[in-house]
1. Rolling a 1.4 angstrom probe over the protein chains, ignoring ligands and nucleic acids, what is the accessible area of residue 408 in square angstrom, nearest 10?
2. Tally up the carbon and sulfur contribution to the accessible surface of segment 175-269 as a whole percent, 1.4 Å probe, everything protein left in place.
3. Please give the length that would be gained between residue 386 and residue 327 if that part of the chain were fully extended, namely 0.36 nm times their separation in residues minus their C-alpha to C-alpha distance (nm, one decimal).
4. Counting heavy atoms of the protein chains only and a 1.4 Å probe, report the per residue accessible area for segment 181-290 as a whole number of Å².
5. Place the peptides 117-123, 201-207 in order of packing, highest mean first, counting for every residue the other Cβ atoms within 10 Å and averaging per peptide.
6. With every protein chain present, what accessible area does residue 393 have (1.4 Å probe, heavy atoms only), rounded to the nearest 10 Å²?
7. Measure out, as a whole number of angstrom, how far apart the alpha-carbon centroids of segment 212-281 and segment 121-152 sit.
8. For segment 138-150, what does the Karplus curve 6.51 cos²θ - 1.76 cosθ + 1.60, with θ = phi - 60°, yield as ³J(HN,Hα) per residue in whole Hz, taken in order and with x for Gly and Pro?
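The values are calculated or read from the model by the stated rules, or taken from the named source; none is laboratory data. Remember, predicted model here, so these are calculated numbers, not experimental data. No Cβ is skipped: glycine too gets one built from the backbone with ideal geometry, and neighbour counts run over all protein chains shown. Side chains included, ligands, DNA and RNA excluded: accessible areas come from the protein's heavy atoms. Shrake-Rupley method; radii C 1.70, N 1.55, O 1.52, S 1.80 Å.
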Amino acid sequence: MRDLSTIELPQEVIDELPGGEDPSDRILASIAQALVDKRSQAIAFRTASGIEETWELCEEAYIGIDDMNREEYNQGKWIKPPTMQGPVRTNQGSKTVQGGDPRSTAFVRLTGRYVDAGKAKISEILFQLEDKPFSFSPDPVVILEEGQKDHSPIVEQGRALTRPASVTEVPSTTASPTPSDVPLTTSDLANERLDRLKSSAEKAENRVYGWMLQAQHHREMRKVIFDAARLGVGVVKGPYPTHRRKLSVVKGPDGVPTVNIEQELIPTHAWRDPWNIFPDPACGENVRDGDYLFEREYFSEKQLRQLKGLPGYLDAQIDKALALGPNTGARTGKNPNERDTRHQYEVWHYHGTLKRSELAVLNPKAAQDVPKETELVYVVATMVGAITIRGTLTPLQSGEIPYHSIPWQRRSGYWAGMGVGEQIFVPQRIVNAATRAVLNNGGVSA
């Protein structure tokens, strides 16, 4: 029996089906279930890898937290004093030794120093204030390089071609005010071609540098380097398209200046939190080698409502997500920097493949641009919990995942490397233990 979910049926035929069910609803449900299964695999693999425990220790070491002083960073609740004259107290306890004397909880922030120093040094090397962090030059062409050495004249139909002589080629003793013609050689053509290539490379370099300035490249990459030094990996998303406003003042026919606002579509890139990145478990050391990648974000109800009406988004699906309410808990991970998200919506962005028939349900307009013989297409899908609210073609024709993972030190077989915080775990514990022992002994002696 043929599957009705893969074909488009007239509405009168749909109404005759049992229960009048629309096949597109079933396809949306199947798409959501397939994406949820992939997402669950990515989350489970990252959790089982143990990298989250390592990141948690790195985050706490940078802040200055361990088991001895953890309660000092918890939210203290005020307690009413038992007597009228008693002070207001908190529920935070204190570590004590066997004799009842308080023990030292001092934390020497060795990790924070080395992480900041490593980040500053790499940023100083890569991001020079008065120079571009890159340069474009034409690829060496063997034919042109050999042609520069060939000074033989160009002959066409038995006649030698000429060109105007340059200023340096005109003898100083000539009486003619205008330069005379000289033979055109193979070297002249090769040099002209190389000059055009260099000019094109310089223009491309300036264009890309302009895009980088608009994307605040230095600011975003400093965040990536900080993550790499602290956790062992930094993640940057790009290139991806975004709109930028261009403001210009133009004088009208009457001489009155007016402000002209234009929307321009440009490529950009931005920092992404590694805690919210879940790549394909088979990606190895490079997230771009995987078949898919999930990124997590948290939206307020207002932010989710503002997606209605935007191109590619399904308003009916957004209404379903709003009706269910926020789908996050108090804490969704081991990140000590994570705040309470129970009033927010957990939004997932999927970069991977879907069937063309599935894309036709999510975004019929985008599916029209895909040849009918194509089975799998590269898409970007957005989900709120288990509800798919958007599906569109990836902006990159190659289908590449627009994310880059930058490890501080390579970790064999895994996309997240080893950072400064992990490298000095042992020295940090030694310094803390020695410092606390000195302070405890000093307290007992006093």
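1. 80 Å²
2. Numbers: 3250 of 5850 Å².
Here carbon and sulfur together make up 56 percent of the probe-accessible area.
3. Values: separation 59, 0.36 × 59 = 21.24 nm, distance 0.96 nm.
Stretched out fully, the residue 386 to residue 327 stretch lengthens by 20.3 nm.
4. Numbers: 6060 Å² over 110 residues.
With all protein chains present, segment 181-290 gives 55 Å² per residue.
5. Numbers: 117-123: 15.9, 201-207: 12.6.
Ranked from most to least packed, the peptides come out as 117-123, 201-207.
6. Here the accessible area works out near 50 Å².
7. Each part reduced to its Cα centre gives a spacing of 26 Å.
8. x, 5, x, 10, 4, 5, 5, 5, 5, x, 5, 8, 9
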